[in-house]
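Below: the structure, in structure tokens.
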Amino acid sequence: MATLKEIAQAAQVSVATVSRVLNDDPTLSVKSQTRQKILEAAERLEYKVPSAKRQASQRLTFAALYTHGQELEINDPYYLAMRYGIETQCEKLGITLVSCYDFKGDRALASADGLLIIGKPQPAAQALLEQHELPLVYLDGITSDPRFDCVSVDLAEISQKVIDYFISRGYQRIGFIGGRDDLDYADQRELAFVEYGRRKKVVKAEDVYFGDFSSQAGYQSALKMLSTSDDYPPALFVATDSIAIGVLRALHEHGVKVPEQMALISVNDIPTARFVYPALSTVRIHSETIGAQAVNLLMERIRDERTIPLSVFVPSSLQLRDTTTPSE
């Protein structure tokens, strides 16, 4: 049987282009004449697509398993944008998508060719998912297990970026208000903030507060910070924009001027961030891109029968607005 290299030489194109044309890659943009040359060369050389790859080029079904409840998308558009990215990319690639919230069983797995797991499942659910041995990609969840594909953002880098920014503006004490899915375990943002901040000698244990990821929790955490004394940190890193909205309310009620008395940076850059008062300085996470790239990664793994897992980090960017110093 002819090889892809032989077809590429006959059609005078790259091996990668031959592979993507013969596997009906819908993301490939190639001239119709080039596509025809490749198909004619493959027919002339009697190339046959392996059965596994023929199946992968047929319409696929992906199961998107969300570890959070759907109501969270109302309170935090970060997750809504991620779901939109998944749905839009599946539609673009002709993939059937089955969505499941609060996953507790395997009802979504029977007809699935691959899994998109959004967040970190409970240990029992995670073990159940992994024993099915379907191709899977974790989004915004596991990023350190070498067995699985992951698409996420580097939360530790974000924490360091915010601390470095505040230090560059002359702040010598920085507080933190975060959220935890499990109150006994800090997430990457908090862990990195404390570790890096202590190394830079700008973070103290008493300036770290947390609740869940809601605006109400942010409000309560800020009240706790303000009630201890008038000696609060002049700069504050908040884990999400949703939490920051509650923090801003508490600061306003206590007459704390932002950014004159306390500068604030949060994370996500949800649409509301630009319209609260003052407008939030925040780190933009491209969650829609995370969703779309996870679909691409899963499809590519199935199509190419890739066995080596990949981790993809989508970059973030600092958006400076009115909760940081006016001179900016």
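The values are calculated or read from the model by the stated rules, or taken from the named source; none is laboratory data. Treat the numbers as computed from the prediction; the structure is a model and nothing was measured. Cβ: placed from backbone, ideal geometry, glycine included. Neighbour counts: every protein chain shown. With ligands, DNA and RNA removed, areas are computed over all heavy atoms of the protein, side chains included. Shrake-Rupley method; radii C 1.70, N 1.55, O 1.52, S 1.80 Å.
Of all residues in segment 247-278, those that are among the hydrophobic types (A, V, I, L, M, F, W, C) and farther than 16 Å from Leu223 by Cα total 7. Within segment 1-24, being hydroxyl-bearing (Ser, Thr, Tyr) and loosely packed, with under 14 Cβ neighbours inside 10 Å holds for Thr3, Ser14.
Is segment 134-141 home to any residue that is more than 14 Å from the chain's Cα centre (by Cα) and open to solvent by 20 Å² or more (accessible area, probe 1.4 Å)? So that I can check it myself, show each step before the final result.
Let us first name the residues in segment 134-141 that are more than 14 Å from the chain's Cα centre (by Cα), namely 134-136.
Subset that is open to solvent by 20 Å² or more (accessible area, probe 1.4 Å): 134-135.
Within segment 134-141, one or more residues are more than 14 Å from the chain's Cα centre (by Cα) and open to solvent by 20 Å² or more (accessible area, probe 1.4 Å).
Within segment 143-164, the residues that satisfy the criterion of being closer than 14 Å to Ile265 by Cα, open to solvent by less than 30 Å² (accessible area, probe 1.4 Å) and either out of contact with any helix residue (DSSP H, G or I) (no Cβ under 9 Å at 6 or more places or on another chain) or of a type in the set (Val, Ile, Thr) (or both) are Ile158, Val162, Ile163. Of all residues in segment 222-234, those satisfying the criterion of being open to solvent by 10 Å² or more (accessible area, probe 1.4 Å) and touching a residue at least 40 places away in the same chain (Cβ under 8 Å) are Tyr232, Pro234.
How many residues, within segment 273-317, are of a type in the set (Lys, Arg) and either out of contact with any Asp or Glu (no Cβ under 8 Å at 6 or more places or on another chain) or part of a strand (DSSP E or B) (or both)? Number satisfying all stated conditions: 2. Screening Thr307 against (1) touching a Cys at 6+ places or on another chain (Cβ under 6 Å); (2) modelled with pLDDT under 95 leaves a single unmet condition, (1).
Per the conditions (1) in contact (Cβ under 8 Å) with a residue 24 or more places away in the chain; (2) farther than 28 Å from Ser152 by Cβ, the sole criterion not satisfied by Ala217 is (2).
Kindly evaluate Leu223 against the criterion of being touching a Ser or Thr at 6+ places or on another chain (Cβ under 9 Å), farther than 18 Å from Leu280 by Cα, of a type in the set (A, V, I, L, M) and not in a loop (DSSP other than H, G, I, E, B). Taking the combined requirement at face value, the residue does not satisfy it.
Condition check ((1) at pLDDT below 95; (2) farther than 19 Å from Ala263 by Cβ; (3) open to solvent by 30 Å² or more (accessible area, probe 1.4 Å)) across all residues:
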residue	(1), (2), (3)
Tyr171	no, no, yes
Ile174	no, no, no
Tyr196	no, no, no
Ala205	yes, yes, yes
Gln220	no, yes, yes
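Going through (1) touching a Gly at 6+ places or on another chain (Cβ under 9 Å); (2) without any contact (Cβ under 8 Å) to a residue 60 or more places away in the chain; (3) assigned to a helix (DSSP H, G or I); (4) not small (Gly, Ala, Ser) one by one, Val203 falls short only on (3). Only one entry of Ser266, Ser287, Ser242, Ser281 meets the criterion of being closer than 22 Å to Gly119 by Cα, of a type in the set (Ser, Thr, Tyr) and touching a strand residue (DSSP E or B) at 6+ places or on another chain (Cβ under 6 Å), and that entry is Ser266. For segment 290-317, which residues satisfy the criterion of being surrounded by 14 or more Cβ atoms within 10 Å (Cβ to Cβ) and basic (Lys, Arg)? Of everything in segment 290-317, those that are surrounded by 14 or more Cβ atoms within 10 Å (Cβ to Cβ) and basic (Lys, Arg) turn out to be Arg301, Arg303.
Would you confirm, using the coordinates I've provided, whether Phe237 is within 24 Å of the chain's Cα centre (by Cα), buried (at least 17 other Cβ atoms within 10 Å of the Cβ) and part of a loop (DSSP other than H, G, I, E, B)?
On the way: within 24 Å of the chain's Cα centre (by Cα): yes; buried (at least 17 other Cβ atoms within 10 Å of the Cβ): yes; part of a loop (DSSP other than H, G, I, E, B): no.
When the stated conditions are applied, Phe237 does not pass them.
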